[in-house]
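Structure first, commentary second.
The values are calculated or read from the model by the stated rules, or taken from the named source; none is laboratory data. In this text, all values refer to a predicted model and were calculated from it rather than measured experimentally. Here Cβ is always computed from backbone atoms with ideal geometry, including for glycine, and neighbour counts include all displayed protein chains. What goes into the accessible areas is simple: the full protein's heavy atoms, side chains included, and nothing from ligands, DNA or RNA. Shrake-Rupley method; radii C 1.70, N 1.55, O 1.52, S 1.80 Å.
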Amino acid sequence: MESHERYSGYKWEVLKKLYHRNESERKRYEDIVLLTNNLYESLDWFQKENRRLIVSNANLENEIYELQSNVEPGSAKSGERNAVEKRHSVLQDELAELHKQKGEYAQQVISLRTALDEKEKEIAEQKAEIQELKASLTATEELLKQVQLKLADTENQRQFIKDEYAALQITYSSMEEKKQKLEKENQDLLHHLIKLKAEDADRMNAETELFMRKKQAKLQKELEEAAKEPVAIDTNKIRNTVCLDAIVPRKVQYKFTAHEGEVNAVAWTHSDFKFATAGGDRKVKMWDFVSGQAILKGVAHESNSSVHSVDFDTEETLILAASCDFASRIWSISDMKIKHTLTGHSNKVMSAKFLGETGKVVSGSHDRTLKIWDLRRRACIRSIFAGSSVNDVVTSDRNATNIVSGHFDRKIRFWDMRSDSSTNEILLQGRITSLDLSLDGYSLLSSSRDDSLKLIDFRMNNVVRTFVSDGFLIGCDWTRAKFSPDGQFCVCGSQDGGIYIWVVSTGALKKVLREHSSTVIACAWSWCGNYLLSCDRNRNAILWSEI
């Protein structure tokens, strides 16, 4: 009972097993030990009896000797002598039998001694094993104490972590509620801001329209006065706006950080060295290329999300940008003040272009619609369900009656504004990322996610050439490919940071320009064909030239 109170758990089980083993081993050899003790006692008795018989035998021999020496033959005591001799003979037989039994007992004693030695050896080994087990038990007890201490410490830590987790859960729930409340407030503020911006844009549009009426009236008066005077036409200026021979650039003219995030779009003006960039920092920037450097002229901050497309009107007074905040915006180039905000799409707007000289805009969105906007009426005058997300749009004639759109479902669709449905469509091998028209209006260049550019002839209405190259990979769904101003070359940026230039007439790779360290998203040649502008996901823009 005392041992049971002293030891508990597995220690008590080990001691019980040791006790049972000791009992079984003791009972196994108990009979042998008892027999051995009996044999030793019998041996002692027989040795004593043997000594007594030896003494008796000696006494009898002495008596016989005396009788033989003292009694004559034929005397009266001869009968006693015979009796003594007979007794002696019996005793001799008994002695022999005892010697025989003594030998047998001695042999048994030797065997039992050997067995006893073996058993004692086994007992000694078992005692040594018991000592080892006791030592192991002691070490195990120490280890158990250490484990119990660690377990207690771990339990304390677990309880502490559990309490901390409960506190953090409560804090998280509180923060989540605050977050949801702030998101709701932010959404309300955003809607209010959009409403205010729309009202402000309408007000500015009204002011602009009034100003333009006054300007038109003044211009009309000046034209009437100027009509009375002869006018000399500067044909050199007209020639300077047409590119006759574009060059393939060879080196970096100027490298600069254009935006705080990735640069998604670039576009040159049609007659001078101004260009615009747009990026993931929600800004549209206007630059002037002077003396080999890009000078920042203005920044538009009104977009609420990334801007993926920029375009200039034919008079180079307005700049149009398509944004992921579901809207398109128009600013004046001179002061970068917003003139129009075109809202109505239900998903991000990927592309927007001016429609010729009619004061109209077409926009394509991931809500799978094309929308036609009238800037004079400041309203959407037509919505076209395109059937798939729109990644880019272009107009195929100056009258803006034909529109071409590139889609996520790998199709290029052709639209006639005088009808309600698509007049034709071409299926390519990858989703379309960009479209561009040649200067003569007969060829369409498309880029797609199958890592190739396709040249489509409007007159044959099919693909006439494919531009591919080893290592050329389209990096995103808004990667833009462009014709050179003379239509001899086409260019597109790659995921490996290279700028690939092909010869349009043969499809051969002309040159690969390498300076960017990340995916090149958009490229554009200047109107004269002497400069190439490229931009990448790492905020950089590079101007390339021949010298």
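Of note:
- Residues in the range 88-145 that are among the β-branched types (Val, Ile, Thr) and farther than 30 Å from TYR19 by Cβ were compared, and the one that is least open to solvent (accessible area, probe 1.4 Å) is VAL109.
- Restricting the range 253-279 to residues that are closer than 19 Å to TRP544 by Cβ and of a type in the set (D, E, K, R) leaves a set whose member that is modelled with the lowest pLDDT is ASP272.
- Those residues of the range 525-545 which are open to solvent by 10 Å² or more (accessible area, probe 1.4 Å) and not polar (S, T, N, Q), in sequence order: TRP525, TRP527, CYS528, TYR531, ARG537, ARG539
- Considering residues of the range 386-402 that are at pLDDT 90 or above and among the β-branched types (Val, Ile, Thr) only, the residue surrounded by the most Cβ atoms within 10 Å (Cβ to Cβ): VAL390
- Residue within the range 163-185 that is free of Cβ contacts under 8 Å to residues at least 12 places away in the same chain, under 30 Å from LYS337 (Cβ atoms) and part of a helix (DSSP H, G or I) present: yes
- So LEU342, is it within 20 Å of ILE194 (Cα to Cα), open to solvent by less than 20 Å² (accessible area, probe 1.4 Å) and of a type outside the set (S, T, N, Q): yes
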